[in-house]
Amino acid sequence: MDVFCVVLGILLVFCTLKPGFSSCPLGCSCTDDSMGRSLLCMGTSMDQIPEDISNNFTKIRIENCRLSELRQGSFSQVGDLGFLWLNFNEITLMNIKSLKGLTNLTELRLQGNKLTSVPWTAFQDTPKLRILDLKHNRLDALPEHALRHLSSLTYLDLSFNQLSIISKEVFTNWPLYQTAEKAWDKDGLVSNVVLALHENPWLCDCRLKGFVEFIREVGPPIILMSSYLKCSSPDSKATKFFHEIQLKTCMAPVASAPDTSFSLHLGTNATLTCIVKARPAPTIQWMYSLKIVRGFVAKQIQLNEETVTSQLLIPSVRVADRGVYTCIANNFIGNSSVSVMLNINSHNSSMPLPPVPMLSSNDNTHIEIRIAKQTVYGITLEWYATTDNPAETWFTIHFGKYDSPKKEMIYIGPGINSYTVSDLLPVTKYEVCVTLKNHPPRDGQCIVFITGSDISELEQRAKLIHIIVIVCAMVLAVPAGMYACTTEARFSCVDRCLDLWRRRRMHRDDTQETERQANFDSLQTASDEALCRKSLEKVKRRKSEDKSRGGSAAQLY
């Protein structure tokens with residue numbers, strides 16, 4: 001009996017230590033088969049991936065639970081995992097490192113969740129992934145290089161999502177497609193790739209032209225699960241199949257006006273007309289002295305698929321209504337505008353109309369400029385000018401690439417103190433200045449910034465443009481709402497800038513320049529320091545002036 005007890009005890013200890021007999025999470029079951037060890041959790045109250053999952057599982061299936069997020073390294077301890085099924089949960093967020101450590105993963109199923117976007121660079125941690133199932137989610141966009149880390153796939157399901165526009169480059173840039181296409185042409189033998197894209201609300205306008213043509217011509221190595229993709233909009237093409245439609249190339253707006261000058265009597269009604277040709281349909285607005293016209297009625301009439309007319313109705317014109325009205329049309333390719341001059345004839349010719357206010361010529365005007373907002377397309381600037389007649393002051397925006405000798409000039413009418421710069425290029429150095437109308441930029445009236453290029457933030461829809469502002473020869477990240485300290489700043493701000501700059505130099509020496517290379521792209525240390533020396537010399541020369549007038553500059557909060 002004693003021998004039996006000893007043997008039984010040894011067996012119990014052995015079973016406890018053996019990985020195949022490790023405990024299962026509460027409410028789940030674990031099994032062993034020829035493929036390895038499996039974890040099955042169905043309909044439990046689990047709301048996050050357990051941290052103590054055993055490292056010997058080859059298959060994990062967690063379905064109909066309450067998972068809402070895949071956090072960083074959720075399965076990093078399960079290095080042998082080959083199959084991961086997380087269907088019919090409530091997953092809305094997937095961390096860019098949520099698949100870290102899954103180098104042996106071959107199948108990932110996320111059907112029936114609530115994903116609106118996927119961090120596609122996460123798949124660089126799963127080089128062997130062959131099956132990716134994302135159907136019945138809420139994906140509404142695919143970046144151009146979304147599939148670049150999925151070179152081993154044989155099955156990709158994106159059906160039943162919210163995709164409306166896709167570039168054909170998503171697939172022509174896919175390494176698997178490029179490699180397989182060459183192999184197919186060479187020897188005619190290659191594994192087919194099943195692709196599911198049906199049941200998405202496709203917007204069949206010019207933006208989908210390349211994709212529609214790709215679908216029509218697609219063949220091995222890509223096999224469509226359903227080749228009958230159907231349009232959902234616009235109304236003229238709704239319910240039609242891709243093979244039934246013809247799409248034209250996109251076109252930037254071209255705005256024109258039948259009449260560019262009107263002369264009306266006081267009290268009469270005015271109708272200003274603007275005709276715009278564009279593909280896709282543009283957004284049209286009217287501006288008066290570069291203010292959006294809010295008090296008047298503007299109506300649009302669609303003449304045909306690519307032509308829209310916009311009419312601005314001005315009832316019972318008054319003296320204050322005279323001036324230049326600008327019709328501005330925008331679509332994702334570009335913009336166009338046309339101006340219409342409205343003159344008012346006075347009934348009493350002996351009483352001439354007052355002149356239209358233009359600009360103040362105060363050479364000593366100080367302008368404070370800041371970055372007020374960062375968007376997916378660019379930045380919004382705001383400025384404040386100390387002028388005697390702010391209601392009559394016109395400004396000029398000088399904008400362009402930093403090293404370009406000729407900058408684009410935009411005229412801003414009285415009462416306007418903001419401007420949005422859009423369509424910025426990534427990893428590009430820009431300069432923007434605000435001056436009085438037709439005046440050249442002065443020191444302190446410009447901001448230099450660099451646009452970033454961060455794939456993870458792009459895919460997570462965070463700030464897509466990183467603004468890096470040069471301040472006192474130091475590169476400083478400026479969040480939205482923070483004022484940029486310029487070379488004409490108050491000396492407390494300058495001292496603060498210098499202190500920050502010195503500390504950054506010390507830190508930079510300790511980190512061997514790695515942070516600088518990661519964040520500042522094309523800037524060089526020497527140019528920064530040279531800029532700082534020039535800035536300090538200018539500050540010293542103006543120190544007495546600033547003291548006498550009390551200084552006026554943007555504050556760095």
What Kirkwood radius, in Å to one decimal, follows from the Cα pairs of segment 366-451?
-> 13.2 Å
Sorted peptide list for 366-372, 260-266, criterion being average Cβ within 10 angstrom, highest first | 366-372, 260-266
Toward the positive end of the charge dipole of segment 26-241, about the Cα centre and with charges on Cβ (Lys, Arg +1; Asp, Glu -1), which of Ser76, Thr239, Pro220 goes farthest?
-> Thr239
Two-site FRET efficiency, Tyr155 against Tyr384, from Cβ-Cβ distance with R₀ of 51 Å, rounded to 0.05 | 0.30
Using 0.36 nm per residue, how much length does the chain from Leu224 to Thr31 gain when fully extended, once their Cα-Cα distance is taken away?
-> 65.9 nm
Quick one: compute a quarter of the convex hull surface over the Cα atoms of segment 154-288 and quote it in nm².
-> 12.0 nm²
Accessible surface of segment 366-451, 1.4 Å probe, proportion on carbon and sulfur as whole % | 50 percent
Label-point separation in nm, Asp403 to Ile165, each point 7 Å along Cα→Cβ | 3.2 nm
Segments 326-333, 45-52, 396-403 sorted - mean Cβ within 10 Å per residue, highest first | 326-333, 396-403, 45-52
Which links in Lys209/Lys407; Lys168/Lys237; Lys248/Lys407; Lys209/Lys406 stretch past 30 Å when you go from one Cα to the other?
-> Lys209/Lys407; Lys248/Lys407; Lys209/Lys406
Its Cα gyration tensor gives segment 56-206 an equivalent ellipsoid whose semi-axes in whole Å, largest first, are 25, 21, 13
Pair Gln300, Thr271: separation of 7 Å Cα→Cβ label points (nm) | 1.9 nm
Segment 251-345 - percent relative contact order, Cα under 8 Å, separation 6 or more = 42 percent
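The values are calculated or read from the model by the stated rules, or taken from the named source; none is laboratory data. All values derive from a computational prediction rather than experimental measurement. Neighbour counts run over all protein chains shown; Cβ positions are idealised from the backbone, glycine included. Heavy atoms of the whole protein, side chains included, go into the accessibility calculation; ligands, DNA and RNA do not. Shrake-Rupley method; radii C 1.70, N 1.55, O 1.52, S 1.80 Å.
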